[in-house]
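Below is one structure, written out as structure tokens; comments come after it.
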Amino acid sequence: MKSNKMFTIVVAAILTVALAVPAFAGAVLDDVKKAGVITVGNSPDYPPFESIGDNGERIGFDIDLLNAMAKKMDLEIKWVTMEFAAIVTAVQSGQVNVGMSGFSITPERAEQVSFSAPYIASGQVIVTRPDSDIASVADLKGKKIAVQLGTTGEQQADKIEGAEVVKPESYNIAFMMLHNRAADAVIADLSVADEYMKQGTFKRAGEPLSFEEFAIISKKGNEPLLDALNKALEAVKADGTYDAIVKKWNL
């Protein structure tokens, strides 16, 4: 009799949890639709994905893509500027509905947040100065590497034995350190590296260190909102808008 009672209690608890998550998730999507606004955590220091333009406006591939997706969903976007390393926490706490700021899909992040469908692929590469003798990852032993805090570039740098890794809060600072010889190399996403190399003061070294896919992140259990974003992404790809944005940002 005691065991049957315990079984009933356990089953009831499981059902309560199972029903609570969809209710929360559906409520978030409903709230977004009702307000007509989706709040998005973003760190605009990651060109060509997100940065601040000459007129002070937020620009980049991520910005154009989500604007196009939001239009399909009949939503306005409220961009919330924050440090990249703080966006996951903001998403988890519900401070923002989603985060879109060049987030690579990784097992570590998958334990903290849920991902949308991938929207573009990239990889981590080594960037140095033109006069550097660094030609591959093997040459980074004993060198100082600058990477943005909280990125997959940081994860790649931490794997390199014998290297000193410094972790500023933005890639603007990391590349400034490289330019000023306060660092010997930067590890960054391929497209980000290409953007900074347009300045003519940097070069790539060796082969890419990884292959990665970018996605939008949201709080676990918030899959209905991510599903709606996935449908909008499919619509933007189907009507040719996605290809036009890729071409615009040379990705």
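The values are calculated or read from the model by the stated rules, or taken from the named source; none is laboratory data. Bear in mind that the values here come from a model prediction, so they are computed numbers and not experimental data. Because the Cβ atoms are built from the backbone with ideal geometry, glycine has one as well, and the counts that use them run over all protein chains shown.
Looking at ILE145, ILE126, which is the one that is closer than 22 Å to GLU83 by Cβ, in contact with a strand residue (DSSP E or B) (Cβ under 7 Å, 6 or more places away or on another chain) and outside any loop (DSSP other than H, G, I, E, B)? Can you show your working first?
Values: ILE126 fails: closer than 22 Å to GLU83 by Cβ.
Result: ILE145 is the single residue among ILE145, ILE126 that is closer than 22 Å to GLU83 by Cβ, in contact with a strand residue (DSSP E or B) (Cβ under 7 Å, 6 or more places away or on another chain) and outside any loop (DSSP other than H, G, I, E, B).
When ASP45, ASP62, ASP74 are checked against the criterion of being out of contact with any strand residue (DSSP E or B) (no Cβ under 8 Å at 6 or more places or on another chain), of a type outside the set (Gly, Ala, Ser) and outside the structural domain of SER170 (by TED's automatic domain parsing), a single residue qualifies: ASP74.
Residue-by-condition table, conditions (1) at pLDDT 95 or above; (2) surrounded by fewer than 18 Cβ atoms within 10 Å (Cβ to Cβ); (3) not in a loop (DSSP other than H, G, I, E, B):
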| residue | (1), (2), (3) |
| --- | --- |
| ASP194 | no, no, yes |
| GLY221 | no, yes, no |
| ALA228 | yes, no, yes |
| ALA232 | yes, no, yes |
| ALA244 | yes, yes, yes |
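Note on region 156-176: residues that are closer than 20 Å to ALA85 by Cα and either buried (at least 19 other Cβ atoms within 10 Å of the Cβ) or touching a helix residue (DSSP H, G or I) at 6+ places or on another chain (Cβ under 8 Å) (or both) total 11.
How many residues are farther than 15 Å from LYS219 by Cβ, in contact (Cβ under 8 Å) with a residue 24 or more places away in the chain and either part of a helix (DSSP H, G or I) or not polar (S, T, N, Q) (or both) if we restrict to region 67-101?
15
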